[in-house]
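Take a look at the structure below.
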Amino acid sequence: MTSRGSAGYPIADQAAAPGQAPPHAVEIWLYSLIDEEPAVDAMRTILSEHERDRVDRLAHQDHKRRYIIAHARMRQILARKIGRRPEDIAFCVSPDGKPFLAPETPKPVHFNLSHCADNAALAICETAEVGIDIEAIRSVRDGFARRFFTTQEADEIDALPEGEQLPALFRCWTRKEAFLKATGEGIRRGLASFQVSLAADEPPRVIAIGDGEKAARDWLLYDFSPADGLAGAAALIAPHGAEFTIRELHTID
């Protein structure tokens, strides 16, 4: 494994101000969902019975492979954090579908997984709920932003030169998805229920939640590039800042 260190816009200094809690530490693990068949078969063995059942229900071999690697690698990374064997990790699921470690886990940590095609990103934080999203930058239907984003966000995208609109749309999209995954609410809240920044020359941030700006100030958004052609963002409540480390996973023992 290798570490790329911190990336993106500057985050709060390591030392917190007097009387403040220290900043959160967030690791973002990036890894490929491509591997040799014997390795994939071995990874399948560390999945739970429920996960293996899900694999069996998938129709396409590529989808099976991606699911197995995404979840097996997640188990392996989490295992090093909590001091358990990967196959012994137990998960629960919130009413809105967000997985979390079972209460009996010896060292609970917060995590969130996102994958797109053959790439995966796993965010881990010991001190705060975290959300992460990666998306392939691609053409979308006309009117996508106006249908799913706030009016302000759609207007801002439409005002950009044509060549800058798609990157801005995906900055907006990944930031919003990461926020929703951090809250655990998912699509129930709706992408248009809050506003994020999306200009290339300003730090990512939540501008407003509903009609209010006060609660939005406690949120921290973070952009990263998982691979060529992909956009990525992470989100968590961190009023005193956070430190992000990008780690690239190539092999794990």
Inset, instruction - Can you confirm whether the range 171-182 contains a residue that is in a helix (DSSP H, G or I), aliphatic (A, V, I, L, M) and farther than 27 Å from PRO239 by Cα? - result: no
Inset, instruction - Evaluate the following for ILE68: is it touching a residue at least 40 places away in the same chain (Cβ under 8 Å) and surrounded by 15 or more Cβ atoms within 10 Å (Cβ to Cβ)? - result: no
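Anything in the range 237-248 that is in contact (Cβ under 8 Å) with a residue 60 or more places away in the chain and in a loop (DSSP other than H, G, I, E, B)? List them, or say none.
Selection gives ALA238, HIS240, GLY241.
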Inset, instruction - Could you please give the count of residues in the range 135-183 that are surrounded by 15 or more Cβ atoms within 10 Å (Cβ to Cβ) and acidic (Asp, Glu)? - result: 4
Legend entry - Hey, GLY83 within 16 Å of the chain's Cα centre (by Cα), of a type outside the set (A, V, I, L, M, F, W, C), at pLDDT below 95 and exposed (fewer than 13 other Cβ atoms within 10 Å of the Cβ) or not: no
Inset, instruction - Sort out which residues of the range 195-236 are in a strand (DSSP E or B) and surrounded by fewer than 19 Cβ atoms within 10 Å (Cβ to Cβ), and write them in order of number. - result: ILE207, ALA208, GLY212
Inset, instruction - Return the pairs, sorted by first residue and then second, in which the second residue is in a loop (DSSP other than H, G, I, E, B), the first residue lies in the range 89-110 and is basic (Lys, Arg), the beta carbons are less than 7 Å apart, and the residues are 6+ apart or on different chains. - result: LYS98/GLY184; LYS107/GLY83
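The values are calculated or read from the model by the stated rules, or taken from the named source; none is laboratory data. Bear in mind the structure is a predicted one, so any value in this text is a computation, not a measurement. Quick reminder, even Gly has a Cβ in these numbers, built from the backbone with ideal geometry, and neighbours come from all protein chains shown.
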